[in-house]
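Have a look at the structure below before the remarks.
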Amino acid sequence: MNKIFNLTLLAFLFGTNIFAKTPPPKPVLPIPTASQLAWQKLEYYAFVHFGMNTFTDHEWGEGRAPATDFFPTDFNAKQWAKSVKDAGMKGIIITAKHHDGFCLWNSKTTEYSVKNSKWRDGKGDVLKDLSEACKTYGLKFGIYISPWDRNHPLYGTPKYNAVYKEQWRELLTNYGEVFEAWLDGANDGKRRMVYDFNGFWNTIRGIQPNAIMFSDAGPDIRWVGNEKGIAGETNWSNRDNEGTFPGFADEPALNVGEENGNSWIPAECDVSIRPGWFYHKEEDAKVKSVQQLMNIYLGSVGRNCNLLLNIGADRRGLINENDIARLNEFKAARENAFKINLAKGKITTSNIRGNDKSFSVDKLLDNNFDTYWATDDNVKSAEITLDFGKETEFNTLLLQENIALGQRVKKFSIQIWNGKEFETISQNTTIGYKRILRFPKVKTDKVKVIIEDAKACLTISTLEIYNAEF
Ligand code: FUL
């Protein structure tokens, strides 16, 4: 009794709240669903373009090449999965059907598929082998099928909508869990048909409710508005989706999202490791450099996006040696750049929510995304100061918001102590799930992160600092 009285008295005297737990901040809507949040944490995964174009040397086949042209001599899905796993990627999305209409599985909806090729006497199934290989290697498995189909006889008529839904039904029923369903907005503009997109979404959602659906217009994730892999410096996961439609992309808007958008539709950056999406021998020496890939990584994962990096499997049905070598070099460069987190020392701030330890500023340094520093409800700007205790050189700073409670930060800057005063080295806008800033190397013993404006009180999970070569 006495002890409780003493503790109460102490709490009263020092203004700390040791009995009542401070409630967490209320979410700022919209917020991600559990599947969207799990998707965001994947960060980096592979696209593999493989199909009829691989054998005809095209990017956009017309759907007229005979099915027998599809003939990989040495197809091995385990080699794909191992290469992707070794590269530090979290999954594979396969082009099960590109615009030419050729299906890499034996679909009942068409004759234009592997069953009429000579590969494995027409009994092969790329989807079966790849889904199993992904399971073996602990990778997520995703599927792309193009709505635009230049082979199917019903394309251009309303009946084709049922064909396309049936293709999704086959794919989502027979190959286990699918983490992402990719609906391409490309179209030739000539036989432009009226797609039943609502019907497509309902079909996919009905069979695999956790599959994340991609298109120019969501509904779960959006295209970033270019094929360079670079998001806007400002990048909101919010988007006002009213009246948007796949195939009619507002590229500048997709690139940055909308501060007050009413739906949670984060962006995905798709980009190819070579100039083309499909494998072409003449591009063997045109694999992007490690520096180019690092710039893409900083412009995508470093700007609140996921990175979908494409590799074209070659005519053998293998990931080409040149691409594998580069993927591994890029992995080593990333590991090296983010190896030693220099964000250590004494961290202080101008505000802690309810002065409660569970929201304290050292949550930024605890390597746990789910714990976070938060401010009081009315506090939308605050300073964090990290005193390294010694001169420290760095060029990279990483921040994460706890997006489970919504994206909030609108404006922030970085300052360093130059011996006389704090000097601004970087002025920025949004953070989101992850923001990685790169600037010329600086040397200082104190750094400040100043959040200048936000939609509501602050909920920041992570601060990391690196001195990276790439
Ligand atoms: C585009 C397609 O037209 C390209 O061929 C490629 O598949 C890319 C990922 O999407 O819209």
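The values are calculated or read from the model by the stated rules, or taken from the named source; none is laboratory data. Computed from a prediction, not measured in an experiment: that's the story for all the values here. Counting neighbours? That spans all protein chains shown, and the Cβs are built from the backbone with ideal geometry, glycine included.
Is there a residue in region 132-139 that is in contact with a strand residue (DSSP E or B) (Cβ under 6 Å, 6 or more places away or on another chain) and either modelled with pLDDT under 95 or away from the ligand (no atom under 16 Å from the Cβ) (or both)? Looking for residues that are in contact with a strand residue (DSSP E or B) (Cβ under 6 Å, 6 or more places away or on another chain) and either modelled with pLDDT under 95 or away from the ligand (no atom under 16 Å from the Cβ) (or both), one finds at least one in region 132-139, hence yes.
Among residues belonging to region 217-239 that are of a type outside the set (Ser, Thr, Tyr) and within 17 Å of Thr429 (Cα to Cα), point out the one that is surrounded by the fewest Cβ atoms within 10 Å (Cβ to Cβ).
The qualifying residue surrounded by the fewest Cβ atoms within 10 Å (Cβ to Cβ) is Glu233.
For region 269-305, the set of residues classified as of a type in the set (S, T, N, Q), more than 16 Å from the ligand (Cβ to nearest atom) and outside any loop (DSSP other than H, G, I, E, B) consists of Gln291, Gln292, Asn295, listed by residue number.
Filtered by the rule that a residue be within 16 Å of the ligand (Cβ to nearest atom), surrounded by 14 or more Cβ atoms within 10 Å (Cβ to Cβ) and among the charged types (D, E, K, R), region 240-268 gives a lone residue, Glu268. Yes or no: Phe278 surrounded by 17 or more Cβ atoms within 10 Å (Cβ to Cβ), out of contact with any Pro (no Cβ under 8 Å at 6 or more places or on another chain) and either closer than 18 Å to Phe470 by Cα or modelled with pLDDT under 95 (or both)? Taking the combined requirement at face value, the residue does not satisfy it. For Pro32, the conditions (1) crowded, with 20+ Cβ neighbours inside 10 Å; (2) within 16 Å of the ligand (Cβ to nearest atom); (3) assigned to a loop (DSSP other than H, G, I, E, B) are fulfilled apart from (2).
Being closer than 18 Å to Arg435 by Cα and in contact (Cβ under 8 Å) with a residue 12 or more places away in the chain is the requirement here; does Tyr297 meet it? Spelling it out, Tyr297 is indeed closer than 18 Å to Arg435 by Cα and in contact (Cβ under 8 Å) with a residue 12 or more places away in the chain. Looking across region 403-431, just one residue is buried (at least 18 other Cβ atoms within 10 Å of the Cβ) and on the phi > 0 side of the Ramachandran plot, and that is Gly406. Here Thr109 clears all of (1) of a type in the set (Val, Ile, Thr); (2) out of contact with any Phe, Trp or Tyr (no Cβ under 6 Å at 6 or more places or on another chain); (3) under 30 Å from Met294 (Cα atoms) except the condition numbered (3).
Suppose we filter Asn310, Asn322, Asn328 for residues that are in the same structural domain as Glu258 (by TED's automatic domain parsing), within 16 Å of the ligand (Cβ to nearest atom) and not in a loop (DSSP other than H, G, I, E, B); which single one remains?
After applying the criteria, what remains is Asn310.
Can Arg205 be described as more than 25 Å from Val409 (Cβ to Cβ) and either surrounded by 21 or more Cβ atoms within 10 Å (Cβ to Cβ) or modelled with pLDDT under 95 (or both)? Judged against the criteria, Arg205 is not a match. Restricting region 35-69 to residues that are assigned to a helix (DSSP H, G or I) and within 16 Å of the ligand (Cβ to nearest atom), the residue that is surrounded by the most Cβ atoms within 10 Å (Cβ to Cβ) is Met52.
Return yes when Asn161 is more than 16 Å from the ligand (Cβ to nearest atom), at pLDDT 95 or above and under 18 Å from Phe245 (Cβ atoms) and no when it is not. For Asn161, the condition - more than 16 Å from the ligand (Cβ to nearest atom), at pLDDT 95 or above and under 18 Å from Phe245 (Cβ atoms) - is met. Against the test of being under 16 Å from the mean Cα position of the chain (by Cα) and modelled with pLDDT of 95 or more, the options Val271, Val290 yield a single qualifying residue, Val271.
Taken over region 331-350, the criterion of being outside any helix (DSSP H, G or I) and not hydroxyl-bearing (Ser, Thr, Tyr) is satisfied by Phe338, Lys339, Ile340, Asn341, Leu342, Ala343, Lys344, Gly345, Lys346, Ile347. Report whether or not Gly122 is within 16 Å of the ligand (Cβ to nearest atom), of a type in the set (Gly, Ala, Ser) and modelled with pLDDT of 95 or more. Spelling it out, it is not the case that Gly122 is within 16 Å of the ligand (Cβ to nearest atom), of a type in the set (Gly, Ala, Ser) and modelled with pLDDT of 95 or more.
The residue pairs whose first member lies in region 184-204 and is not assigned by TED's automatic domain parsing to the domain that holds Asn151, whose second member is away from the ligand (no atom under 15 Å from the Cβ) and in a loop (DSSP other than H, G, I, E, B), and whose beta carbons are closer than 8 Å, counting only pairs six or more residues apart or on different chains, do not exist in this structure. Please determine whether any residue of region 97-106 is within 16 Å of the ligand (Cβ to nearest atom), acidic (Asp, Glu) and at pLDDT below 95. No, that holds for no residue.
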